[in-house]
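Take a look at the structure set out below.
Read the figures in this text as sums done on the coordinates, not as results from a lab. Given the structure is predicted, the values throughout are model-derived calculations rather than measurements. Positions of Cβ are generated from backbone atoms using ideal geometry, with glycine treated the same way; all protein chains shown enter the neighbour counts.
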Amino acid sequence: MQETVQPWKSVWPAPAGTADQAASIPQDLSKEEMTNQRSFGSHASNTKGRIVHIKKTALLSEMSQEWLQQQQQEAGRMQVSSSNSTESSTGSIMNSSDVSYKRDNGFSTEKELVPLPEKEVVPVPEKEVALSSLPETCSSSADPSSAAQKEVVEQPEARASRYWSRSRRRCFILAGLSVLLLALALGLGLGLGLAAKRRRSGAPEPRLHALSRVSATNWTDPGGFDHQAVFYQGPSKAILLSLWDSQNETWSAAVNVSRIAANMSGNPAIAIDILPGTALAAASLSLGDYFELNIYYQSSQMFLYELYTHDPLGGAWTLGSPTWAVPTLNGSGLAAYHKPCGPPVPGVCTVDNTTMYVVYQDDDPKRKSSSEHPVRMLNRTGYSWHRGFEIVLPGEPVGGTDVAAVPVATSKNGSAGLAFMFDSAQDSVRLLQAQGLGKNWTQDTIVNDVPTDPPPRIAAMSYGEFAFTETLVGVLDKAGAIATYVSGKKQDLDLGALANQKFSALSLGLNMRAFGIVDDNIAEFSFTSRNPTAWSLVGNVLPG
């Protein structure tokens, strides 16, 4: 009984130059010899697999599907039969010339090897070869020792072309990622290095703005406890406040008053619309149960602003100031003083009788003035603001001058008036003195050797045994040195251990306290009326 076996799914063409080898194969082989030259697969009981004897050592790696179909049809007409065979089988045999044959069922005659005519050998162009058209192996035999393994060898040119075509985009992507990772690594390393350097050096983050000024005020509450408030500017331009009282005898943590005012008013611009290095002027009033704390500063457009609170702990702040725009000259200083009316006598001395004074250098081109850079004064009686009037001076003020305001007495037991200090164009600081709210000013020169380029920083306070009969003026030059003048006479300042320190800002208080910015902190000094130029260091306002 004959059994049909499907032909192989792939055949190989004969390479050029092998026709002579195919002709040299004997055509009159016996059955035994024929059987030895051919390897057939077992059908049911035969355990040996079909083996293809490949004599050619180098095979074409690829061929087209169209050529395969043509060769299979041609091989179907070339059959080999054997009459002495007891079983029939089918398969594909490739001779030494790589000629393809086909065995069909039903032939019992002697099988004969017929080579494919040489002229019908169709070479396969390389460009039409598909790698996927070849099987992965040439044999399905379970015996690996009898199977001829086929190795597909790829041409170097094709391999290189495929590599670059597939890898060019990958190379570009990898290169870009490498550059990005390198940049990130450098940035991270630099940041960590700077942070580590800062930690090793022990240098903390700055607590004060590089151009910060300082202003202090003090009051006594109804319980008899003394309070101090110091205002300054933080690194982000915010207005900060530190508080001290004689009951706790410690400075509070910094209070961001500009942020509180912005949150309470719903106007976030208040927290950021602050001039870097703005002038600061603080004032306070404690009258019975009434308390008010004020801070004046400049916006980024050089307009005058006010923040105030009725909370001694500084927990609630409101945007105040006059309802009209008050422009200030670039570089102008600010001074403020809240003048009480005396002991809180009902019906005689009330809040309505108190007066707030604010001094500044005007920069309003629409207002007529006898001076190019006039010094003006705003005043508030009770709760009503009045437009500032010009302080008419015999001398011309320097543009961008600092100002200071202190209470003074016209006589030993006389009523208190006001004194204003400023830098004039005659290279000196002038002392102006007035009685009450009058406009009749007298002028006295108290310092003659203060340079005007740039104008110095000016701080002042007044004191006396019975009234404000004496004044202390501190002048801070651009080199950071402080010169002190007592009632118009220069006296050497004794700073003790801080004698060689350079200051960047200075404030004097009526409670015999001085505050100066040095080394990113605010130093507090105390002195007495007997020796107002001998300052003793109390400590730092900011912790650390």
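In terms of surrounding Cβ atoms within a 10 Å radius of their Cβ, SER299, SER242 rank from fewest to most as SER299, SER242. The value of relative contact order for the stretch 214-540, using C-alpha pairs under 8 Å at least six residues apart, is 10 percent.
Across the stretch 273-333, Cα pairs under 8 Å and at least six residues apart give a relative contact order of 28 percent.
In this label model, ASP226 and VAL351 are separated by 2.7 nm, measuring between points 7 Å along each Cα→Cβ vector. Cβ-to-Cβ counts within 10 Å put MET512, MET264 in ascending order as MET264, MET512, the fewest first. Annotation: peptides 477-484, 493-500, ranked by per-residue average of other Cβ atoms within 10 Å with the highest first, follow the order 477-484, 493-500.
The Cβ shell under 12 Å around THR278 holds other residues with a net charge of +1, Lys and Arg each +1, Asp and Glu each -1.
Of the listed peptides 520-527, 284-291, what is their order by residue-averaged count of other C-beta atoms within 10 Å, with the highest listed first?
Working: 520-527: 19.4, 284-291: 16.0.
Output ranking for 520-527, 284-291: 520-527, 284-291.
With 0.36 nm allotted per residue and the present C-alpha distance subtracted, the ASP519-GLN491 stretch has 7.6 nm of extension available. Here the simple spin-label model places points 7 Å from the Cα toward Cβ, and for ALA183 and ALA534 these points are separated by 6.5 nm. In terms of its C-alpha gyration tensor, the stretch 214-540 has a rounded overall shape, because the principal axis ratio a/c (a ≥ b ≥ c, square roots of the eigenvalues) stays below 1.5.
Scoring 265-272, 352-359 by mean Cβ neighbours within 10 Å over their residues and listing the highest first yields 352-359, 265-272. Computed over the stretch 471-544, relative contact order equals 23 percent, with contacts defined as Cα pairs under 8 Å that lie 6+ residues apart.
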